[in-house]
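The values are calculated or read from the model by the stated rules, or taken from the named source; none is laboratory data. All values derive from a computational prediction rather than experimental measurement. Methodologically, a virtual Cβ is constructed for each residue, glycine included, from the backbone with ideal geometry; neighbour enumeration extends over all protein chains shown. What goes into the accessible areas is simple: the full protein's heavy atoms, side chains included, and nothing from ligands, DNA or RNA. Shrake-Rupley method; radii C 1.70, N 1.55, O 1.52, S 1.80 Å.
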Amino acid sequence: MKLRLFTIIFLLLLIPLAISKPVDFDKAYTWLYGQQPTDVTQAALTALSIAKIDPAKAQLFIDYLKNNKNPSQPCWPKSTCDSSSTAFVLLALNNGINIDEVTIEEVKNWLELAQQNAPLPGTWNLQIITPGTGTCELVYAKKGSTNPNPEIRLSVDNGKISSPSCTQPRTFLDIRSCISQDIFSKPSTKIRINCQTLSDAKISVIYIENNAYYLVSESVSVTTDIIINNGYYANLDSTYYSNWALKRSNSDVDSLLYLKKSYNLNSVKDNSLLFLVTNNLYYQSKLSTLKSQIGGYYGQVPNLWDNALAALALGQADTGLQEWFGSQQNANGYWQDSKTTALILFALGGTANLPECVQGQQKSCGPGVCALATQTCTSQNTWPGCTQTDLARSGYSATEICGNELDDNCDGSEDEGCDCDPALFTTESCGLDIGICELGTRTCDPITRKWSSCQNEVRPSVESPRDGNSCYDNRDNDCDGLIDCNDPDCQIGNDWDRDSILNDNDQEKCTPRSCLTDVIREGRPEFLGKAKDQDSDGMCDSLDQCDNTQTGCPIYGIDQQKPGCPSDCSIQSCREGSDNFCRFTSCETDCGSGVFNTCDYLECSSVSSSLNGCIFIPSSVPWLYNSCVSCSSGSSCSSYQDERDCSSDSCSKGPCQWENNACTEIPKSNFYKDNDNDGFG
């Protein structure tokens, strides 16, 4: 009896000594830093813990996560994509770990959609508490879809609800049978309920199973969004960790109903994780009741992993738990295994001085092919560096080998500086092979591995209405695949129809450019034989298609009686008197009364300023009638008819003009001399 009493007293004396032992963080972090990544969860937790001390030293584990990501989806590990492993990566991302080309949002979205329908055999019910009478509109959209389903109208009378499928009013409306079974075909369907016709309403979703009522959602508002969180993950642990990670990502998706139905109120893990998921102080309070009275840990049997979760849930609420972990730390500084050690250090924090490396630890000799070679940390906890022998075994080359899509010189870039590889190609075609352009040839320099400039190519030229005939030559001059007025370059900055709106903002076309449309649009034809642009179309006389004399058609108006000449009467239905010829200007102003509307000097000078289209045409143009220019003698031009020819008339007083169907003298004060011989007075 005395021996048993002595043993009990001895053990009780030992317990306080164990509890008061502090954690050796230097040993713990150094040991963890020296471990190699073994799986996704361990790598994520280790990266989290080591990054608190030295972010650069967490890179080995971050690289492991990067290399084990599924190539087509943001999930881990790459071969199986399980929710638990992905959840720990999401926790790491939410705590500052950066993985190249991975975002929190995309991992969160994947995890939300990875749910499956939970085994929940009860009923999901809608309750609308209100003293009023009215209607509510309900629409829903499945997770991952942006298209809502058709609206369903509910009738509400003093808290009693009916639907098209369930016309008998009731307090709890079964969502599955009375609204739509389709709502439950996928987890986390969002329902929007709009009860604007009710002045006051409390809208709730209640799950009922075996006479147990679970309040899923509640809103004191006439309009609310409710998510039917009827999902879970592969098992209870996966569901806990996934919900913890989603909570840290501010997701509106959860599996709380499944977790609450599976909840064990005496479980350290359940209470710890439910507090981390919900921040509900009930679970923290319940966790406090599970603390051992003699050991400083939580639970009937001490469990390192569960107590690390308790430390995360309690935070500074129990500083004595850290001392218990100190009593459980082994001589090498770790607890149980690297995954458990990483979670404990993540929960406890602490500070430590990490060496450059830990003896026996290995890392690659660099990026690229050098990753195939490794160096091993020395007994002095330093990296020895990679030897040339190590590098040679990896396929290292001081000069980048072009064309193999490898980083041969281990500088982090593949085939850099390799414009060409003379061992593969010495020459190649260059330039464009479209429009007027023709391909040339460039040569690979064997020393610099750079391509020469392109030789013997035909390069693009300008295609513009301001550049000669380039917009009207039926060629693709700028080699963009568009010819003449099909090219926007030929349509910018011109006002062909004279409506003060440039054609890049107008409906007008820059074609067709026939003589007819050129004359009608611009109101002033070209004067043949002059190196000028008299109709302001950007083309000189000798290049303007509207000066084409091959058909022998007149420039002023179109003579319908001349074979081969088109008619403009259908476009400009203005005729001049009984001669039945078409007029080249608009109907607004007459320019003389002759057959071709030619004007004498005075008439031209008086109207050209307003029309900018009346010019004097000399008799040197063979198919035009002569204008009355002047008479050498005589005082009357009465025999002159229709301004056709005044050579038989003579005027003694100088130049004549046609006025009131008579040839009269032009006052010298009104005579405009053609000083530059361009046909204009």
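Tabulated data for the structure shown
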| read-out | value |
| --- | --- |
| Number of the condition not met by Pro169 [criteria: (1) within 18 Å of Val253 (Cα to Cα); (2) at pLDDT 95 or above] | (1) |
| For Leu93: the one exception among (1) free of Cβ contacts under 8 Å to residues at least 40 places away in the same chain; (2) closer than 30 Å to Ser221 by Cα; (3) aliphatic (A, V, I, L, M) | (2) |
| Yes/no for Val89 being of a type outside the set (Lys, Arg) and open to solvent by less than 20 Å² (accessible area, probe 1.4 Å) | yes |
| When residues of the stretch 61-74 are limited to those that are more than 23 Å from the chain's Cα centre (by Cα) and not in a helix (DSSP H, G or I), the one surrounded by the fewest Cβ atoms within 10 Å (Cβ to Cβ) | Asn70 |
| Test: residue in the stretch 106-123 that is in contact with a Lys or Arg (Cβ under 8 Å, 6 or more places away or on another chain), acidic (Asp, Glu), surrounded by fewer than 17 Cβ atoms within 10 Å (Cβ to Cβ) and under 21 Å from Asp225 (Cβ atoms) | no |
| Conditions (1) surrounded by 15 or more Cβ atoms within 10 Å (Cβ to Cβ); (2) closer than 30 Å to Leu48 by Cβ; (3) touching a Pro at 6+ places or on another chain (Cβ under 8 Å): number failed by Asn94 | (3) |
| Qualifying residues in the stretch 71-86 (those that are touching a Lys or Arg at 6+ places or on another chain (Cβ under 9 Å) and under 17 Å from Pro37 (Cα atoms)) - the one modelled with the lowest pLDDT | Lys78 |
| Number of positions in the stretch 463-482 that are in contact (Cβ under 8 Å) with a residue 24 or more places away in the chain, hydrophobic (A, V, I, L, M, F, W, C) and either in contact with a helix residue (DSSP H, G or I) (Cβ under 8 Å, 6 or more places away or on another chain) or more than 30 Å from Thr426 (Cβ to Cβ) (or both) | 1 |
| Cys370 being part of a helix (DSSP H, G or I), at pLDDT 85 or above and open to solvent by less than 50 Å² (accessible area, probe 1.4 Å) | yes |
| Selected residue [without any contact (Cβ under 8 Å) to a residue 40 or more places away in the chain, among the aromatic types (Phe, Trp, Tyr) and surrounded by fewer than 16 Cβ atoms within 10 Å (Cβ to Cβ)] from Tyr240, Tyr213 | Tyr213 |
| The one condition in (1) in a helix (DSSP H, G or I); (2) open to solvent by 50 Å² or more (accessible area, probe 1.4 Å); (3) in contact (Cβ under 8 Å) with a residue 40 or more places away in the chain; (4) of a type outside the set (Asp, Glu) that Tyr29 fails to fulfil | (2) |
| Options Val102, Val89: the member that is closer than 21 Å to Arg248 by Cα, at pLDDT 95 or above, of a type in the set (Val, Ile, Thr) and assigned to a helix (DSSP H, G or I) | Val89 |
| Answer from Gly320, Gly299, Gly295 - the residue that is farther than 25 Å from Val40 by Cα, in contact (Cβ under 8 Å) with a residue 12 or more places away in the chain and exposed (fewer than 13 other Cβ atoms within 10 Å of the Cβ) | Gly320 |
| Residue match in the stretch 106-128 (condition: among the aliphatic types (A, V, I, L, M), over 28 Å from Ala234 (Cβ atoms) and modelled with pLDDT of 95 or more) | yes |
| Some residue of the stretch 337-352 being among the aliphatic types (A, V, I, L, M) and without any contact (Cβ under 8 Å) to a residue 40 or more places away in the chain | yes |
| Tally of residues being modelled with pLDDT of 95 or more and open to solvent by 50 Å² or more (accessible area, probe 1.4 Å) across the stretch 178-191 | 0 |
| Candidates Gly435, Gly431, Gly412 - the one that is within 30 Å of Ala392 (Cβ to Cβ) and under 34 Å from the mean Cα position of the chain (by Cα) | Gly412 |
| Single match in Ile434, Ile447, Ile401 (criterion: assigned to a loop (DSSP other than H, G, I, E, B), within 30 Å of Leu60 (Cα to Cα) and open to solvent by 50 Å² or more (accessible area, probe 1.4 Å)) | Ile401 |
| Residue among Ser464, Ser453, Ser470 that is within 36 Å of the chain's Cα centre (by Cα) and buried (at least 17 other Cβ atoms within 10 Å of the Cβ) | Ser464 |
| Of the criteria (1) under 29 Å from Leu309 (Cα atoms); (2) of a type in the set (A, V, I, L, M, F, W, C); (3) touching a Phe, Trp or Tyr at 6+ places or on another chain (Cβ under 6 Å), which one Cys420 fails | (1) |
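Rundown of residues vs (1) outside any loop (DSSP other than H, G, I, E, B); (2) out of contact with any helix residue (DSSP H, G or I) (no Cβ under 9 Å at 6 or more places or on another chain); (3) on the phi < 0 side of the Ramachandran plot; (4) open to solvent by 30 Å² or more (accessible area, probe 1.4 Å), yes/no style:
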| residue | (1), (2), (3), (4) |
| --- | --- |
| Phe325 | yes, no, yes, no |
| Gln336 | no, no, no, yes |
| Ile344 | yes, no, yes, no |
| Leu354 | no, no, yes, yes |
| Lys363 | yes, no, yes, yes |
| Thr389 | yes, yes, yes, yes |
| Leu406 | no, no, yes, yes |
| Ser413 | no, no, yes, yes |
| Pro422 | no, yes, yes, yes |
